[in-house]
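Visitor: Handing you this structure, nothing more for now.
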Amino acid sequence: MNLQKKYKKNTVDIENIPEELKVRNQWVAWKTEERDNGKIAKIPVSPISGRNASVSNPATWASFEVALKYQSDNSSMAGIGFVFHEQDPYIGIDIDDCLDPDNLALTKEAENLLNRFNSYTEISPSGMGLHIYLKSDAAFDGKRKGNVELYSRKRFFTVTGKILGGVPKEIKRSDEAVELFSDIAGLRTGTARVDLTSIIELLCKKYGEKFKDLWGGFTGTYPSPNEADLALCRM
């Protein structure tokens, strides 16, 4: 199958997308680019400038309506996307190659994650992957293990609005996202598990807002991000 043809123009089921995402100015369009290795990359595009968007620069994002119109008006755009940011409460779980597009049969891993989180989930543009949306206070850059990737900032999801039957249309809050992050990041040794949730709770009690800001990615009055990271490590 020609991958670029498969992604050429992706219809969006607007009515299924949660309203709490639509009201945020964290939307981009996206296009495909073929890499030297033959793989297809999804590139975020600013609906404002028409140039490549940056997942760390909100000035390159737009409202849902603006992104949707830009994608509709430009034949080179394959779809729209939502950018995860440290100032929003969302976490995304991306599961690749877990769904048979012909009969919607799931891999056991995908089925377990769907049952575990029971939150708003979309079928990816390829028809073979899933995107799960969650709410959590945890903040981290992308981590990947096998076919599963987890992130809360500096990434974007291609958005389709296409959902599986029986999946909730609301985004649920789950502290278990931290546990999944621990698994993916390799924060486990033998049979002992690093209880990151408990550690974060203790640090919040001890250091208050100062820790919460640093953990959330806000450097505050520190001269540089490196010094902020060092202060967080010392805590």
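The values are calculated or read from the model by the stated rules, or taken from the named source; none is laboratory data. Owing to the predicted nature of the structure, the values given are computational and were not obtained by experimental measurement. No Cβ is skipped: glycine too gets one built from the backbone with ideal geometry, and neighbour counts run over all protein chains shown. When the accessible area is computed, the model is the full protein with side chains, heavy atoms only, and any ligands, DNA or RNA have been set aside. Shrake-Rupley method; radii C 1.70, N 1.55, O 1.52, S 1.80 Å.
Visitor: Under 5 Å between amide H atoms, partner at least 5 residues away or on a different chain: which partners does residue 155 have, H built in plane at 1.01 Å?
Guide: Answer set, sorted by chain and number: 84.
Visitor: Next up: Regarding segment 48-96, what are the three Cα extents along the principal axes, ordered largest first, in Å?
Guide: Largest to smallest, the principal-axis extents are 30, 28, 18 Å.
Visitor: Strictly greater than 33 Å: what percent of every Cα pair in the chain meets that? The partial results should precede the final answer.
Guide: On the way: 5655 of 27495 pairs.
Looking at the chain, the distances longer than 33 Å represent 21 percent of pairs.
Visitor: Lys and Arg at +1, Asp and Glu at -1: add these up for the other residues within a Cβ distance under 13 Å of residue 151 and post the number.
Guide: Numbers: positive: 143, 144, 145, 153, 154, 155; negative: 86, 88, 94, 141, 149.
So the surrounding residues net to +1.
Visitor: A further question on this structure: Using a 1.4 Å probe, what is the accessible area per residue for the chain, in Å²? If you can, show how the numbers build up before the last one.
Guide: Working: 12420 Å² over 235 residues.
For the chain, the solvent-accessible area averages 53 Å² per residue.
Visitor: Which of the helices in the chain, when you take each full DSSP H run, stretch at least 30 Å along the axis at their Cα atoms and have an average Kyte-Doolittle score of 0.5 or higher?
Guide: Values: long enough: none.
Length and hydropathy pass: none found.
Visitor: Ok, one more. Could you tell me the convex hull volume per residue, in Å³, taken over the Cα atoms of segment 21-86?
Guide: 87
Visitor: Counting residues in segment 89-128 as N, plug N into 2.2 N^0.38 Å and put the Cα Rg over that result.
Guide: 1.15
Visitor: Another question, then. Once the Cβ-Cβ distance between residue 22 and residue 76 is put in as r, and R0 is 25 Å, what FRET efficiency do you end up with, to the nearest 0.05?
Guide: Between residue 22 and residue 76 the formula returns 0.60.
Visitor: Still on this structure, I have one more. Give, rounded to the nearest 20 debye, the magnitude of the charge dipole that the chain has about its Cα centre when Lys and Arg contribute +1 at Cβ and Asp and Glu contribute -1 at Cβ.
Guide: Values: 32 positive and 33 negative charges, 74 e Å.
Using only the charged Cβ atoms, the result is roughly 360 debye.
Visitor: Rounded to the nearest angstrom and ordered from largest down, what semi-axes does the equivalent ellipsoid of segment 44-147 get from its C-alpha gyration tensor (root of 5λ)?
Guide: Output for segment 44-147: semi-axes of 27, 19, 11 Å.
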